[in-house]
Each structure stands twice: as C-alpha cells, then as structure tokens.
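To start, the structure itself, in structure tokens.
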Amino acid sequence: MFGHKCFLRIGQLNDASLATLTNDGYELMTCSYSFAQGTDQNGQAQTEVVGGIIDIVYPNIPTKELTEWMKVSGRYLSGAIVICDADGIPIEKVHFEDAACVGMEINFTETGSTYATTSFTLSARKLAIGTADKINRWVNLKN
C-alpha cells in the first residue's frame, strides 16, 4: 500500500512536520512539476531549460484562500510542496516563489471518498528543489 502524502503549504515553511502540514497546509491527491529543454531534429539540447509549472489536485472544493489566488490577477504567492513518506517524514521539498495560479478546474463526482476535486496549475518565477534553483526571467516581475 502506498503511504506517501503530499502537501501544499502557502507561505513560509518553518516546520515540515506532518502535524503542522496537516493543520496549516492542504493535503493533495496528486502533484507534478516539470522542466523542459528544446532539442533539434537529432535530439541534441538547443535551448535554455524552462520550467516552473506545478500541477496539483486538491481533493475538495477550493478554500477562499485558493479561490482568491486564482481570481486576483497578478497575485503571486510563495510556498512549498512537501512529500512525506509512510511514516510522515518529509522526503522531498519543492519551494516556489512568486507563483501565480494560472488555471483552476473544479470537478464534481459521485464516486470515491470525496465528492469534488480541484485542479490547479501554478506558474512560479522560482522553483528550488534541494540545492537546485530554476529562476524564470519574467518581464513584469523583479528577478
């Protein structure tokens, strides 16, 4: 049985304990983030690495905080995605800075343990995973 849990924490991540994440964060159903690099017809890398897109699914209707993030144009929030193992120990932290919620979709279902899911797409100016940082050069935001 897969016992890992994934959480979204908006704001400063001072404590990544399971108790704090459960109380102050959002437990997610799924999370993915991506980076890409353009290649030529031979498969050789040709462009700068781009990335900073985070896709998450929250197993409920969105809270006011999450809805406002989507509705207010130009609202940038920082936070972290924390993945915990079956014992509640954080095994990966993805910190993001200046992320805009650029997509939100609410789905209602009659099956499963929840009646609604909300999918979000976040576009972050900066992603930090371990010691690796990816900073996107945004024209309208100071880098």
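Counting other beta carbons within 10 Å of each Cβ, put Asp98, Asp55 in order, fewest first.
Placing the least packed residue first, the sequence is Asp55, Asp98.
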| task | Would you count, across the chain, every pair of lysines whose alpha carbons are under 19 angstrom apart, provided the pair is eight or more residues apart or spans two chains? | result | 6
| request: Go ahead and set up a Gaussian network model of the chain, Cα springs under 10 Å, then flag whichever of Thr111, Thr30, Thr121 fluctuates most. | output: Thr111
| Looking at region 45-106, what % of the alpha carbon pairs are farther apart than 19 Å? | 46
| Counting alpha carbon pairs within less than 8 Å and at least 6 residues apart, what relative contact order, in whole percent, applies to region 2-143? | 25
| message | Kirkwood hydrodynamic radius, the chain, all distinct C-alpha pairs: what's the number in Å? | response | 16.3
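Values in this text are rule-based calculations from the coordinates and carry no lab data. Just so it is clear, the model here is predicted, and its values are computed rather than measured. Neighbour counts are summed over all protein chains in view; Cβ atoms, including those assigned to glycine, are modelled from backbone coordinates with ideal geometry.
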